[in-house]
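Trainee: What follows is a structure written as structure tokens; I'll ask about it next.
The values are calculated or read from the model by the stated rules, or taken from the named source; none is laboratory data. Computed from a prediction, not measured in an experiment: that's the story for all the values here. Quick reminder, even Gly has a Cβ in these numbers, built from the backbone with ideal geometry, and neighbours come from all protein chains shown.
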Amino acid sequence: MPHLTTDDGVKIFYRLDGKADAPVLAMSNSLGTTHEMWAHQMPALEKKFRVLRYDVRGHGQSSVPDKSYKVDRLGKDVVALLDEVKAKRVHFCGLSMGGVTGMWLGRYAPERIDRLVLCDTGAKIGTPEVWNQRIETCRKSGMEPLMQGVMERWFTAGFRQKAPQEVEKIAKQTRTTPPEGYAKSSEALRDMDLREEIAQIRAKTLVICGAHDPATTPADAKFIVDKIKGARYVELPAAHISNVEAAEQFTKALIDFLTE
């Protein structure tokens, strides 16, 4: 599978699936997951799109950067990937950290973005105190001490009980995330505040949120909707990783928006 080496020396793993002549849909994973988080969506998406998935720097098969970075670096990685695969303009779907990347792209690389789907995300996420605690924990003790809290935020208790195998698939991605990769991305999210910038986004935008998401709440999602002119809102019966917990509804909402 291919890698792109960015201008700051980070290797980004990516893959392309679907019809070669179809519109390109780029998808960006959340903190602590990989491109495989979109597995439920792929059978339907491959029929209609050329799907570009990648592992965000510091995650999965991408390398861990030596230096800290801000959210703009995550956006520039996507622009570099689009150049690599010769995609001038794409649809973009990102969840949580991926949604933050999408907001940055919509504001600062609007010529590259057709339609924008922002899922379970916020223009400002969490507090510095919470982020610093997680950063310190994973650097000192690795990912395992974070696992219970992460899974409880990401999936409702009912879903964890009825679909433990689905939860474990995501948990494995989190558990095997390099701690330093998680820490550096957490630093970028800690320092991120796009609450004013997103008002400049002009792309057609859909905001998807899990009704029970404690990490990026429906209130956070509705803030984005109110800021981006013409943005639409879909709420699903799920917590943070809504594309897994409410996979069928998520996929339908995504495809309906991108193909109307």
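Trainee: With respect to the numbered conditions (1) loosely packed, with under 15 Cβ neighbours inside 10 Å; (2) in contact with a Pro (Cβ under 9 Å, 6 or more places away or on another chain); (3) of a type in the set (A, V, I, L, M, F, W, C), which one is the sole condition not fulfilled by Val64?
Mentor: Unmet for Val64, out of (1) loosely packed, with under 15 Cβ neighbours inside 10 Å; (2) in contact with a Pro (Cβ under 9 Å, 6 or more places away or on another chain); (3) of a type in the set (A, V, I, L, M, F, W, C): (1).
Trainee: Could you say which residue among Val64, Val78 is at pLDDT 95 or above, among the β-branched types (Val, Ile, Thr) and more than 26 Å from Ala253 (Cβ to Cβ)?
Mentor: Sole residue among the options that is at pLDDT 95 or above, among the β-branched types (Val, Ile, Thr) and more than 26 Å from Ala253 (Cβ to Cβ): Val64.
Trainee: Gly58 - would you say it is under 20 Å from Phe257 (Cα atoms), in contact (Cβ under 8 Å) with a residue 12 or more places away in the chain, surrounded by 23 or more Cβ atoms within 10 Å (Cβ to Cβ) and small (Gly, Ala, Ser)?
Mentor: Judged against the criteria, Gly58 is not a match.
Trainee: Looking at Ala215, Ala183, Ala199, can you tell me which residue is in a helix (DSSP H, G or I) and crowded, with 16+ Cβ neighbours inside 10 Å?
Mentor: Ala183
Trainee: Take Val117 and tell me if it is closer than 30 Å to Gln200 by Cα, part of a helix (DSSP H, G or I) and either in contact (Cβ under 8 Å) with a residue 24 or more places away in the chain or out of contact with any Ser or Thr (no Cβ under 8 Å at 6 or more places or on another chain) (or both).
Mentor: No: the conditions fail for Val117.
Trainee: Then there is this: Looking at the stretch 1-45 only, could you name the residues that are part of a helix (DSSP H, G or I), without any contact (Cβ under 8 Å) to a residue 60 or more places away in the chain and not hydrophobic (A, V, I, L, M, F, W, C)?
Mentor: Correct list: His35, Pro43.
Trainee: Out of all the residues in the stretch 100-114, which are under 19 Å from Glu196 (Cβ atoms) and either in a helix (DSSP H, G or I) or out of contact with any helix residue (DSSP H, G or I) (no Cβ under 6 Å at 6 or more places or on another chain) (or both)?
Mentor: Hits for the stretch 100-114 are Val100, Thr101, Gly102, Met103, Trp104, Leu105, Gly106, Arg107, Tyr108, Pro110.
Trainee: Restrict the check to the stretch 161-170 and report whether at least one residue is buried (at least 20 other Cβ atoms within 10 Å of the Cβ) and either modelled with pLDDT of 95 or more or in a helix (DSSP H, G or I) (or both).
Mentor: There is at least one residue in the stretch 161-170 that is buried (at least 20 other Cβ atoms within 10 Å of the Cβ) and either modelled with pLDDT of 95 or more or in a helix (DSSP H, G or I) (or both).
Trainee: Filter the stretch 121-160 down to residues that are assigned to a helix (DSSP H, G or I), in contact (Cβ under 8 Å) with a residue 12 or more places away in the chain and in contact with a Pro (Cβ under 7 Å, 6 or more places away or on another chain), then give me how many there are.
Mentor: 3
Trainee: Across the stretch 13-55, which residue is surrounded by the most Cβ atoms within 10 Å (Cβ to Cβ) among those that are of a type in the set (D, E, K, R) and in contact with an Asp or Glu (Cβ under 6 Å, 6 or more places away or on another chain)?
Mentor: The selected residue is Glu46.
Trainee: Then there's this: Quick check on Arg53: is it of a type outside the set (Ser, Thr, Tyr), under 20 Å from Thr176 (Cα atoms) and either in contact (Cβ under 8 Å) with a residue 40 or more places away in the chain or touching a strand residue (DSSP E or B) at 6+ places or on another chain (Cβ under 9 Å) (or both)?
Mentor: Here the answer is yes, as Arg53 does meet what is asked.
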